[in-house]
Each structure stands twice: as C-alpha cells, then as structure tokens.
Amino acid sequence: MRSLQRHTLAKLRTMLGLSQKKMAHIAECSWPTIQAIERQKLKLSDELGMRIAFKTGVDLKWLTENQLRRAPTTLDGRPYTLSEFDRVQTQVVLPPATEAQAEALLQDVRRFFAFNVRMLALLYAYAHKHDKFPMCAFKVSRELQKLIREQVSPREEANAMIDSAIVRYGEDCEGLIAKATKEFFAKTQEQARRTRGSTKSSHGAQNQSRLSP
C-alpha cells in the first residue's frame, strides 16, 4: 500500500504520535495550514519551519528538504527520537527541574550560540567577498536590534544593551569578540549553578516533607 505521507512534516508528526491539530498547536498555526503542507498544497515557510524545528528538536534542513526516504535527524546530526522531542518540549514549556535537565539546557544554549556566531561569520565573509557587506551588515544589525527590543524590557534596558554593543573605530574587534564570548560562557555557567542549587534545595525540601510525621 502506498504511503499517504507526502511531506516530512507528516512523517515527523506520525512518528511523534501527534494529530494535525496538536501539531498546529505546537507550531502556533492553524490546523488547515498543517493539512495543506502535508498534502503539498502549501509550501512550508521558513518561519514556520524554524518554529517547528525549534519546538520539536528536529533538523530544519531535514524538514525543509522533504526527502521522505531519509530518517529524521537533530540539528547536530544525531538520529532523531521521541525522547529528543520530549526533552525539547520540556525545556520549551517548563524550567529545568533536575540537574540533568539544567545541564542539557545549558548545552543547548551554548550550542545555539556557537551555531549563530558561526552563521554570522560565514555570512559576513561571503558578503565581504562579493561586495555585499554594507547592506548585509545593515540588515543584520536592524533585525538584531528589533529582536532585542521585542525580547528585552523595559525599553531603556534594551537600548542600553544595544548601546553597549557598539564598536567604535580603532577598537580591538577580535578582543571585544573574545571578551563577549568569555562573558557569555561565564554567565551561562553561573546560571546553571544557580539552577542546580535551587533544584537541590527543592529536592531536599521534598525529601524532608516525606520524612516529617
């Protein structure tokens, strides 16, 4: 019998045991949109594809290339499993509740940080080589500032964050990048330690309550 799966989105959804309505809820879109994509009556947009990949943990490239014979993978090339979906969903919906979850979240934060930095480096190098750098740099800066103002509040803090990132002529660019990277890893490590500490305290309180008469 010929498979009714015409799109990798349908293959992913079936693998995860989700209805089209449940997948639409995860993807923050309408049920008819999921149905139309799976029937190949509607192209999977970049924005929707990224949202599905982020919320399920599946590789965006696998999802958008639509090669049904290929098994799904994660962003870093590992075989994609139901447990990966459960792990990502837990991180998206809930704060880490165990040391293992806190450590996994820290690794994901660092992995995506490295991924984005490398993408920017490759893009900027390409743009410079092909005489597209000024417009490329302007567009990247504009979108990043827009994102900061959407994510950071109050607005004064967002503006201060943008101002603190400005690099002036004559400054050591490589040194500033190295310093920012070092500070990022230090802050994420400190956050992970605080999360693990609060997790231990929570477990200790739960254990104490069990021992109390």
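Data for the structure
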{"quantity": "Amide H contacts of Thr73 (H built 1.01 Å from N, under 5 Å, at least 5 apart or other chain)", "calculated": "Asp59, Tyr80"}
{"quantity": "Partner aspartates and glutamates for Lys21 [C-alpha distance under 15 Å; skip if fewer than 8 residues away on the same chain]", "calculated": "Glu38"}
{"quantity": "Lysines whose Cα lies under 21 Å from that of Lys139, excluding same-chain neighbours fewer than 8 positions away", "calculated": "Lys129"}
{"quantity": "Extension gain from Glu183 to Val117, taking 0.36 nm per residue of separation minus the Cα-Cα distance", "calculated": "22.3 nm"}
{"quantity": "Percent accessible area from carbon and sulfur atoms, the chain, protein chains only, probe 1.4 Å", "calculated": "59 percent"}
{"quantity": "From phi via Karplus (6.51, -1.76, 1.60), per-residue ³J(HN,Hα) for segment 12-27 in Hz, x at Gly/Pro", "calculated": "5, 4, 5, 4, 7, x, 9, 6, 4, 5, 5, 5, 5, 5, 5, 7"}
{"quantity": "Prolate/oblate/rounded call for segment 1-130, Cα gyration tensor, a/c under 1.5 rounded", "calculated": "oblate"}
{"quantity": "Heavy-atom accessible area per residue - the chain, 1.4 Å, Å²", "calculated": "71 Å²"}
{"quantity": "Whole-number percent relative contact order across segment 1-51, with pairs defined as alpha carbons under 8 Å at least 6 apart", "calculated": "35 percent"}
{"quantity": "Theoretical FRET efficiency, 1/(1+(r/R0)^6), r = Cβ-Cβ of Leu144 and Glu103, R0 41 Å, to 0.05", "calculated": "0.90"}
{"quantity": "Range in the chain, longest, excluding exposed GluC sites (Glu not before Pro) [loop by DSSP; at most 16 other beta-carbon atoms within 10 Å]", "calculated": "29-170"}
{"quantity": "Dipole magnitude of segment 1-149 about its Cα centre (Cβ charges: Lys, Arg +1; Asp, Glu -1), debye to nearest 20", "calculated": "600 debye"}
{"quantity": "Candidate aspartates and glutamates for bridging to Lys43, where Cα separation is under 18 Å - those fewer than 8 sequence places away on the same chain excluded", "calculated": "Glu28, Asp59, Glu65"}
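The values are calculated or read from the model by the stated rules, or taken from the named source; none is laboratory data. These numbers were taken from a predicted model, which means no experiment stands behind them. So basically every Cβ, Gly included, is an ideal-geometry build from the backbone, and we count neighbours across all protein chains shown. Note: areas computed on protein heavy atoms with side chains; ligands, DNA, RNA excluded. Shrake-Rupley method; radii C 1.70, N 1.55, O 1.52, S 1.80 Å.
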